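Just below is one structure, and these are the notes that go with it.
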Amino acid sequence: MSSQFNRTRFSVLFSAALLSTSLFSTQLFATSQVTDIVAPEAASGFAEKSSVSAENYMVTAANPLAVQAGYNVLKNGGNAADAMVAVQAMLGLVEPQSSGLGGGAFLVYYDASTGQLTTFDGRETAPQNATPELFQDDNGQPLKFYDAVVGGRSVGTPGTVKLMAEIHQRYGSQNWAELLQPAEQTARDGFKVSPRLAGAIANDKERLSRYPDTRNYFFTPSGEPLAQGTLLKNPEYASTLATLANQGADAFYRGQIAQDIVNKVGSIEDNPGLLSLNDFASYRIKERAPVCAPYRQYDICGMGPPSSGALTVGQILGIASHFDLTSMGPDSTEAWQIIGDASRLAFADRGRYMADSDYVPMPAGLLDENYLAERAKLITPGKALASVTPGEPRWEKASLAQVDDESIELPSTTHFAIVDREGNIVSITSTIENGFGSRVMSNGFLLNNELTDFSFASHKNGYPIANRLEPGKRPRSSMAPTIVMKDDQPYLAIGSPGGSRIIGYVATSLIAHLDWGMELQQAINLPHLLNRFGTYDLEKGTEAERFKAPLEAMGYTVNVRDLNSGIQGILLHNDKLIGAADPRREGAVMGD
């Protein structure tokens, strides 16, 4: 395929540093054939990576230390569930700004022995003592975002530890304690601060230094952010993992760790939270049926509510399928206009209808073929939609009057994918929400600020907002861990971090691969063009910028900005595994 978006044509605007951890100097590169180039947070350009091929098993994640941990498990006979435990435990240490024991996750699982696809909801929950007015001031007005985020108020009951434990108990084959040991040992011995982590600390200096625990951990005694290459030890995290290794996940939800978190959250003087021991003791992982949307000859399957990921990705693809994107190709402004307006229509439905379906009724027809065909008729090729409103999908029962959501979802999060030698697959997106979460630490890990994914307003013009905060409810997410099926067989595991832009990152990567014939790495490398709410975002420092004038001529407001995705994917094709990692972050791939 001839295209200006071929992966060799990117504008690389900075000199990326090679990872300096000697642990990987031989095995990572030799086994995986990866040139592991790392980029600072929010860099304006990025350096190319190459895909990795394997035959038996593979892991791809956002940090090479986590990839190594997962790879070792697979190499030593462990399966995808085992490797997931090792990868997540390590990510919580070396990429603490994105995910960890204090957060939550969504996991899509393919069981090779049964041929079944299922999903597991490890999303955080609102405290039982919370009210819909938690993020409103005394006059009923929504708080400013960071006034709500920083401190204990924003912390929901973490789900990641219980998700790790339950998936391992159900599917794992190796000893739980041994799977936690690599991260425990690394926490004791220390790891070198990566360029991305160093940049994130520096960028968040004011908020991250507000509380003693985070200030002492992420800054020098003189108050300077830790520099790239600093050896960082975390004995408290090591102790936490040792406790979990010896006592299991119950130690997190019913023991001293839970008590410590409750005490810490409630004692933040400037912004206390509401978590209680009962919130921890009552927390449950929920297995849910996958949401699958047909696209061409594929089924795009992922996480349903409380995630909006699979539904919104499915709507974008379903609307776009009514246009011949294949013949248009990635150089066509008209193709991007269609994708952008399909996204706007899907996001309008997302804002009106999507929330935790255990609490809020939702339309049954959001992915109905006829409904998406009617939505597609609203798009005029070559001309941006002047305005977008939610549609009227089918309800199984009487429709519920609701108004649009007012939540703010900023990018952080992490995604990783694993395929084991038996063909079991894990596609998991994990988060503490905003970068560094609530900026509150306990027992060596950061606590989430997931409650700010709820709408700060609960009603508007007398009508309820679906994603309003309620006791025990799970906030709506955009995380979109995905497994693509073809002829009832797994074809691709993919996902990304990036706040509400996750949906666009996943959807456009799928279009690039499935419609435009790009190899997986090419599709992930593709410069980003995203439209959620009307403004077209173009990735700064890439050839996406050349679409600025043509899109403006179609009627869009265009914003050139950094778009720091972290897409990870594994393709299963012709008895081969092909892994790819986003060059915008520090991700890597290993496999045999």
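The values are calculated or read from the model by the stated rules, or taken from the named source; none is laboratory data. Since the structure is predicted, the reported quantities are computational estimates derived from the model, not experimental observations. For neighbour counting, all protein chains shown are included, and Cβ atoms are generated from backbone atoms with ideal geometry for every residue, glycine included. The area values use the complete protein model at the heavy-atom level, side chains included, leaving out ligands, DNA and RNA. Shrake-Rupley method; radii C 1.70, N 1.55, O 1.52, S 1.80 Å.
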Listed by chain and number, the residues whose amide H is under 5 Å from that of SER307, excluding neighbours fewer than 5 places away on the same chain and using placed H, are SER477
Counting every C-alpha pair in the range 79-218, the percent lying more than 28 Å apart is 34 percent
Expressed as a percent, the portion of alpha-carbon pairs in the range 548-588 spaced more than 14 Å apart is 65 percent
Exposed GluC sites (Glu not before Pro) being those in a DSSP loop with at most 10 other Cβ atoms within 10 Å, the longest stretch of the chain free of them is 1-268
With -39,500 (n - 2.57) per DSSP H segment of 4 or more residues and division by the full residue count of the chain, the 222 nm estimate, nearest 500 deg cm²/dmol, is -9000 deg cm²/dmol
In whole percent, the fraction of accessible protein surface over the chain that belongs to carbon or sulfur atoms, probe radius 1.4 Å, stands at 45 percent
The summed charge of the VAL440 Cβ neighbourhood (under 13 Å; Lys/Arg +1, Asp/Glu -1) stands at 0
For the chain, the per residue accessible area (1.4 Å probe, Å²) is 35 Å²
Quick shape summary for the range 223-266, equivalent ellipsoid via Cα gyration tensor, semi-axes whole Å in descending order, reads 27, 16, 6
If every Lys and Arg gets +1 and every Asp and Glu gets -1 at its Cβ, then about the Cα centre the range 398-554 yields a dipole, in debye to the nearest 20, of 360 debye
For the chain, percent of DSSP beta bridges that are antiparallel (nearest 5) comes out at 90 percent
The equivalent-ellipsoid semi-axes of the range 445-592, taken as the square roots of five times the Cα gyration tensor eigenvalues and listed largest first in whole Å, are 30, 24, 15
With R₀ set to 41 angstrom, the calculated FRET efficiency between the beta-carbons of LYS377 and LYS205, to the nearest 0.05, is 0.25
Taking a ≥ b ≥ c as the square roots of the eigenvalues of the Cα gyration tensor, with a/c under 1.5 meaning rounded and otherwise prolate when a/b exceeds b/c and oblate if not, the range 461-534 is prolate
The pairs in LYS75/LYS286; LYS286/LYS473; LYS286/LYS486; LYS286/LYS576; LYS144/LYS233; LYS75/LYS162 lying past 23 Å Cα-Cα in this model are LYS75/LYS286; LYS286/LYS486; LYS286/LYS576; LYS144/LYS233; LYS75/LYS162
Here the equivalent ellipsoid of the range 506-592, derived from its Cα gyration tensor, has semi-axes (largest first, whole Å) of 28, 14, 9
Residues of the range 531-557 with backbone N under 20 Å of the label point set 7 Å from the Cα of LYS460 along Cα→Cβ are 531-536
Whole-percent tail of the Cα-Cα distance distribution for the chain, cut at 38 Å, equals 24 percent
